[in-house]
Amino acid sequence: MRAVQFYGAGDLRVEDVQVPQLDQGTGKVLVEVEWCGICGSDLHLYTSGTHGSSEPFIMGHEFCGVVKEVPLGSNLTVGDKVIVNPTLTCESCVCCSSGWGSQCPKLKFIGFTGGPGGGLSEFVAVQEYKLHKVPEHFELEYAALAEPLAVGLHAVRKAAVRLDDWPHKMVLLLGGGPVGYAVLENMIALGADPNNIIISEPEDGRHKLLNSFGVQVLSPTKDNIGTACKTMTKSKGIDIAFDCAGKTGSAAAAMALLRPRGTYINVAFWGANITFPFIDFFKKEITCVSSMAYSGDDFREAVNLMSMGKYRTIRRMVTARFSLENADNAFQGLLNNKEHHTKILLTPKKSNLVAVNK
């Protein structure tokens, strides 16, 4: 089969590799991949090189497909549409037993830091319990978005807001890239009022897409975010700030705009320690929360919300599609034109590209 193998920084190669063989008794299912997304972490790996994984390995952890072969006693059927939860955990530590898989000290991701091969290939063998079936009518192209949407759902759940309270919450979202978009999609799916949301996003090319939600989108370099927040909240302060930017000063800026006992949620991966204003933190009794990846329950619920049609604008999230053979062009497109892209998908099936271009 064809697969995109990572050899090092900027070195992707489409090569022929062996199709995974199912070994009865392992509980694995053979999935024929339909679509796979490129994540920001994939892009970081592509530009910076390895972070402990052995090369070469098959990339891709945001993927979906169709069941091709099942083990004896499987609850799945050949032809079922499935989404893959790519997390790999030890399943025996305190975190795993508590349902906090993203805190497992041995956490890895299929197609990123470990596993039996990633989604940038024609076939992947995956443990059955990592597969989530989606309705027959659902378009698999968008099913590949479940993984980033689970990241967004986990962050929104960390706000600890009751469903009937979301319409009243005043929210500041720093960063409107793929993760910020996923947070926004989940907030609205759970009942947040777009009129009560301000997004700070420096890339002008992303503003039109974000504005389609009915939220207020501002530029941190051109607009006064503080004045906008005061106007929206009538000077009471923001209830919740989601930091998906991870830029110098973003935490301090968010905390300055929070109301007393407001909540700051960091979703971004920082390359250095965060510096924030102690006086704001202390006097306001701000709750600071981190949000990394997602739990198994978050992933299941994201698939459920997707299947029910609660994510009403996910089709807009996909901004380009490529074949496996053009993987390098896809990565370069994200690097050089990020203001025009939210999510790029790749497929091993050229017929998929023909279908979406009709």
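The values are calculated or read from the model by the stated rules, or taken from the named source; none is laboratory data. As the structure is a prediction and not an experimental result, all values here were calculated from the model. Ideal geometry is used to build each Cβ from the backbone, glycine not excepted, and the neighbour counts take in all protein chains shown.
Looking at L335, L353, can you tell me which residue is in a helix (DSSP H, G or I), more than 16 Å from the chain's Cα centre (by Cα) and touching a residue at least 40 places away in the same chain (Cβ under 8 Å)?
Values: L353 fails: touching a residue at least 40 places away in the same chain (Cβ under 8 Å).
Only one candidate qualifies: L335.
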Inset, instruction - Name the single residue, out of those in the range 160-174 being modelled with pLDDT under 95 and part of a loop (DSSP other than H, G, I, E, B), that is surrounded by the fewest Cβ atoms within 10 Å (Cβ to Cβ). - result: R162
Inset, instruction - Considering each residue of the range 273-309, count those that are surrounded by 13 or more Cβ atoms within 10 Å (Cβ to Cβ) and among the aromatic types (F, W, Y), and give that number. - result: 4
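Matching residues to (1) in the same structural domain as F281 (by TED's automatic domain parsing); (2) modelled with pLDDT under 95; (3) aliphatic (A, V, I, L, M); (4) more than 19 Å from G262 (Cβ to Cβ):
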position: G205; (1), (2), (3), (4): yes, yes, no, yes
position: L209; (1), (2), (3), (4): yes, yes, yes, yes
position: S212; (1), (2), (3), (4): yes, yes, no, yes
position: Q216; (1), (2), (3), (4): yes, no, no, no
position: T221; (1), (2), (3), (4): yes, yes, no, yes
position: T227; (1), (2), (3), (4): yes, no, no, no
position: M232; (1), (2), (3), (4): yes, no, yes, no
position: G237; (1), (2), (3), (4): yes, no, no, no
position: I240; (1), (2), (3), (4): yes, no, yes, no
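Based on what the data block shows, is K338 among the basic types (K, R) and in contact with a Gly (Cβ under 8 Å, 6 or more places away or on another chain)?
Judged against the criteria, K338 is a match.
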Inset, instruction - Filter the range 215-246 down to residues that are in contact with an Asp or Glu (Cβ under 9 Å, 6 or more places away or on another chain), under 19 Å from P178 (Cα atoms) and assigned to a loop (DSSP other than H, G, I, E, B), then give me how many there are. - result: 3
Inset, instruction - Identify all residues within the range 174-203 that are under 24 Å from A256 (Cβ atoms) and among the polar types (S, T, N, Q); write none if there are none. - result: N195, N196, S200
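A quick yes/no check of all residues on (1) in contact with a His (Cβ under 6 Å, 6 or more places away or on another chain); (2) within 19 Å of W35 (Cα to Cα):
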{"position": "D298", "(1), (2)": "yes, no"}
{"position": "L305", "(1), (2)": "no, no"}
{"position": "T313", "(1), (2)": "no, yes"}
{"position": "H341", "(1), (2)": "no, yes"}
{"position": "L346", "(1), (2)": "no, yes"}
{"position": "L353", "(1), (2)": "no, yes"}
Inset, instruction - Run down K236, K208 and say which single residue is in contact (Cβ under 8 Å) with a residue 60 or more places away in the chain and surrounded by fewer than 16 Cβ atoms within 10 Å (Cβ to Cβ). - result: K236
Inset, instruction - Within the range 247-272, track down each residue that is free of Cβ contacts under 8 Å to residues at least 40 places away in the same chain, assigned to a helix (DSSP H, G or I) and buried (at least 21 other Cβ atoms within 10 Å of the Cβ). - result: A251, M255
Legend entry - Output for the range 184-204, where each listed residue is over 22 Å from N224 (Cβ atoms) and either in contact with a strand residue (DSSP E or B) (Cβ under 7 Å, 6 or more places away or on another chain) or aromatic (F, W, Y) (or both): M187, A192
Inset, instruction - Enumerate the pairs (first residue in the range 115-138 and part of a strand (DSSP E or B); second residue anywhere and among the basic types (K, R)) with beta-carbon separation below 9 Å, excluding pairs fewer than 6 apart on the same chain, so at least 6 apart or on different chains. - result: S121/R2; F123/K68; A125/K28; V126/K28; Q127/K28; H132/R300; K133/K81
Inset, instruction - Kindly check whether there is at least one residue in the range 312-323 that is under 18 Å from F6 (Cβ atoms), assigned by TED's automatic domain parsing to the domain that holds C39 and surrounded by fewer than 23 Cβ atoms within 10 Å (Cβ to Cβ). - result: yes
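Scan the range 75-87 and give yes if some residue there is part of a helix (DSSP H, G or I) and either modelled with pLDDT under 95 or touching a helix residue (DSSP H, G or I) at 6+ places or on another chain (Cβ under 7 Å) (or both), otherwise no.
Scanning the range 75-87, I find no residue that is part of a helix (DSSP H, G or I) and either modelled with pLDDT under 95 or touching a helix residue (DSSP H, G or I) at 6+ places or on another chain (Cβ under 7 Å) (or both), so the answer is no.
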Inset, instruction - Starting from the range 5-30, keep only residues that are under 9 Å from P71 (Cα atoms) and exposed (fewer than 14 other Cβ atoms within 10 Å of the Cβ), then list their pairs with residues that are aliphatic (A, V, I, L, M) and at pLDDT 95 or above whose Cβ atoms are within a distance under 9 Å, requiring at least 6 positions of separation or different chains. - result: D23/A125; T26/A125
